[in-house]
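Comments concern the structure below.
The values are calculated or read from the model by the stated rules, or taken from the named source; none is laboratory data. This structure is a prediction, so every number in the text was calculated from the model and none was measured. Every residue, glycine among them, receives a Cβ derived from its backbone with ideal geometry; neighbour counts consider all protein chains shown. In case anyone asks, the SASA skips ligands and DNA or RNA and just uses the protein heavy atoms, side chains included. Shrake-Rupley method; radii C 1.70, N 1.55, O 1.52, S 1.80 Å.
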Amino acid sequence: MLGVMSVKKAVAIAEESGLDLVEVSPNAKPPVCKILDFGKYKYEQQKKASEARKKQKTVEVKEIKMRPTIEDHDYGVKLKNAQKFLKAENKVKVTLRFRGREMAHKDLASALLNRFKHDLAPLSKVEMYPKMEGRQMMMILAPDTTLAEAAEKEARLAEKAVKRAEIKAAKDAAKEARADSDVEEKKASQETSEAQTDKA
């Protein structure tokens with residue numbers, strides 16, 4: 001840090017060292033400047049911005065289409081797909097299409113969407129409740145990260161407990177093996193001492 005100085009003096013110092021005078025925070029009193037290679041500084045800023053973009057997660061909306069008269073197996077397939085989408089942290093738009101006289105049975109469609117919502121409750125939260133739009137009823141589910149994180153944490157703790165149990169079992173087995181070998185050594189030493197006493 002060179003302290004407070006005039007712009008001319010700062011530019012002269014920067015030119016002497018073959019670098020650039022870059023204003024870092026213009027709103028500060030007095031404005032803060034750095035002497036550095038501007039090309040390198042710009043490159044580093046671009047690199048930081050690209051890394052931030054890479055880390056950014058884009059949320060997609062995946063759609064699942066069903067009919068009010070869907071069979072159980074088909075429902076199960078749609079449910080598995082929705083679970084896969086939610087685990088990948090995507091939103092799920094569930095659409096029920098009505099044909100002809102099916103429009104008279106909106107209560108069945110509403111019950112089906114509520115069942116779907118209930119089956120996905122551990123992974124999701126409702127972003128848009130079921131509503132009619134023309135000849136279709138739709139609902140949007142978003143991934144519930146707090147529940148997913150809790151489930152993941154619980155799984156990690158269970159995994160650690162299993163590892164601890166395995167390690168403890170291995171240690172116990174090693175202790176038993178050592179105890180057995182100690183017993184055998186004592187027997188062998190007793191036999192040799194008995195044999196020596198017999199000879200004497």
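Assorted remarks:
- Selection within the range 145-179 - open to solvent by 90 Å² or more (accessible area, probe 1.4 Å) and either over 30 Å from LYS57 (Cβ atoms) or basic (Lys, Arg) (or both): LYS153, ARG156, LYS160, LYS163, ARG164, GLU166, ILE167, LYS168, LYS171, LYS175, GLU176, ARG178
- Taking the range 132-144 as the range and being surrounded by 10 or more Cβ atoms within 10 Å (Cβ to Cβ) and closer than 28 Å to ALA88 by Cα as the test, the residues that pass are MET132, GLN136, MET137, MET138, MET139, ILE140, LEU141, ALA142, PRO143, ASP144.
- Any hit, the range 46-64, residues being in contact with a helix residue (DSSP H, G or I) (Cβ under 8 Å, 6 or more places away or on another chain) and of a type outside the set (Val, Ile, Thr): yes
Rundown of residues vs (1) part of a helix (DSSP H, G or I); (2) touching a His at 6+ places or on another chain (Cβ under 7 Å), yes/no style:
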| residue | (1), (2) |
| --- | --- |
| GLU63 | no, no |
| PRO68 | no, yes |
| ARG101 | yes, no |
| PHE116 | yes, no |
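- Leading residue by the ranking (surrounded by the most Cβ atoms within 10 Å (Cβ to Cβ)) among those in the range 14-65 that are among the small types (Gly, Ala, Ser) and either more than 34 Å from the chain's Cα centre (by Cα) or more than 30 Å from LEU141 (Cα to Cα) (or both): ALA14
- Filtered by the rule that a residue be part of a loop (DSSP other than H, G, I, E, B) and farther than 18 Å from PHE85 by Cα, the range 118-143 gives GLY134, ARG135.
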